[in-house]
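Peer 1: Okay, handing you the structure first.
The values are calculated or read from the model by the stated rules, or taken from the named source; none is laboratory data. The shown structure was predicted, so the numbers you read here are calculated from the model rather than taken from an experiment. Please note: Cβ atoms are built from the backbone with ideal geometry, for glycine as well, and neighbour counts cover all protein chains shown. Keep in mind that these areas ignore ligands, DNA and RNA; they rest on the heavy atoms of the full protein, side chains included. Shrake-Rupley method; radii C 1.70, N 1.55, O 1.52, S 1.80 Å.
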Amino acid sequence: MTPERQLTQGLRMLGIDLPATARKKLLAYTLLLAKWNRTYQLTAVRDPSQAVSHHLLDSLAVLPFVRAASLLDVGSGGGTPGIPLAIARPELPVVLLDSNSKKTAFLQQAAIELGLVNIAVHCGRVEAYRPASGFAAITARAFADLAALVKASRHLLQADGCWLAMKGVRPDDELACLPADVVVEGVHCLQVPGVAGERHLVVIRDRTVAGTRGA
């Protein structure tokens, strides 16, 4: 199956409708990632047949939960889920953050080559990041355990914002270790076409601004 057909079928299964220009950019992104990965080791996924499922569809599976006005992708690495989400939502300001300068060099080049004017890239540790304003949503994919993510990025979350943490198996042990002043709004099981393992999205809010909602 061609990557184009795999993407089209996968998006249909996810219930996501994207214009042809967005689908073209998504596929161009996987080619860039594969090219740079040979030198910079951006991702452990090296099988070209898995690029669409494990990079694009896995990232886009969280798109229905991205209702925010701004997004920070913590530990962006090779750009997932931030770049696919930025392509799918060109009106959404997205900041890709990583402490590895080689990875942020790739992220910057990808944003330029793909014409993603809604993306900004920051190289540095999330704990030290001090932008002019916070973010309505903070996402992370295999960055750290949930408690560490909350602790490291809490200062970057806007009032009534949320964390969107991507996980494999349901992280019950991590959920039990979250601080008492955050609330888990939902743990959503994601069915990602072409990905055999479990995938979950954990939505967390700051209890101090979310009240008891979702408790």
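Peer 1: Report every pair of residues separated by at least 6 positions or lying on different chains whose Cβ atoms are under 7 Å apart, first residue within the range 145-174 and part of a strand (DSSP E or B), second of a type in the set (Asp, Glu) and open to solvent by less than 30 Å² (accessible area, probe 1.4 Å).
Peer 2: Leu157/Asp206
Peer 1: Let me ask you something else. Could you tell me which numbered condition Val202 fails, if it satisfies all but one of (1) closer than 30 Å to Pro3 by Cβ; (2) open to solvent by 10 Å² or more (accessible area, probe 1.4 Å); (3) in contact with a helix residue (DSSP H, G or I) (Cβ under 8 Å, 6 or more places away or on another chain)?
Peer 2: Just one mismatch for Val202, condition (2).
Peer 1: Something else about it: Return the residues of the range 151-185 that are of a type in the set (Asp, Glu), closer than 30 Å to Ala51 by Cα and open to solvent by less than 70 Å² (accessible area, probe 1.4 Å); say none if nothing qualifies.
Peer 2: Once the filter is applied, which keeps residues that are of a type in the set (Asp, Glu), closer than 30 Å to Ala51 by Cα and open to solvent by less than 70 Å² (accessible area, probe 1.4 Å), the range 151-185 yields only Glu174.
Yes/no per residue for (1) of a type in the set (A, V, I, L, M, F, W, C); (2) at pLDDT below 95; (3) surrounded by 16 or more Cβ atoms within 10 Å (Cβ to Cβ):
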position	(1), (2), (3)
Gln6	no, no, yes
Arg12	no, no, no
Leu18	yes, no, yes
Arg23	no, no, yes
Leu31	yes, yes, no
Arg38	no, yes, no
Asp47	no, yes, no
Arg67	no, yes, no
Leu71	yes, no, yes
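Peer 1: Further, regarding this structure: With respect to the numbered conditions (1) in a loop (DSSP other than H, G, I, E, B); (2) surrounded by 24 or more Cβ atoms within 10 Å (Cβ to Cβ), which one is the sole condition not fulfilled by Gly77?
Peer 2: That leaves (2) as the condition not met.
Peer 1: Go through (1) modelled with pLDDT of 95 or more; (2) closer than 30 Å to Met1 by Cβ; (3) buried (at least 20 other Cβ atoms within 10 Å of the Cβ) and name the single condition His188 misses.
Peer 2: (3)
Peer 1: Right, another one. On the given criteria, is Ala140 of a type in the set (A, V, I, L, M, F, W, C) and assigned to a strand (DSSP E or B)?
Peer 2: Details: of a type in the set (A, V, I, L, M, F, W, C): yes; assigned to a strand (DSSP E or B): yes.
Here the answer is yes, as Ala140 does meet what is asked.
Peer 1: Let me spell it out: the conditions are (1) in a helix (DSSP H, G or I); (2) free of Cβ contacts under 8 Å to residues at least 24 places away in the same chain; (3) more than 28 Å from Val150 (Cα to Cα), and Leu27 meets all of them except one. Which number is the exception?
Peer 2: Leu27 satisfies all of (1) in a helix (DSSP H, G or I); (2) free of Cβ contacts under 8 Å to residues at least 24 places away in the same chain; (3) more than 28 Å from Val150 (Cα to Cα) except (2).
Peer 1: Within the range 96-135, track down each residue that is in contact (Cβ under 8 Å) with a residue 40 or more places away in the chain, open to solvent by less than 20 Å² (accessible area, probe 1.4 Å) and not in a helix (DSSP H, G or I).
Peer 2: Leu114, Leu116, Phe135
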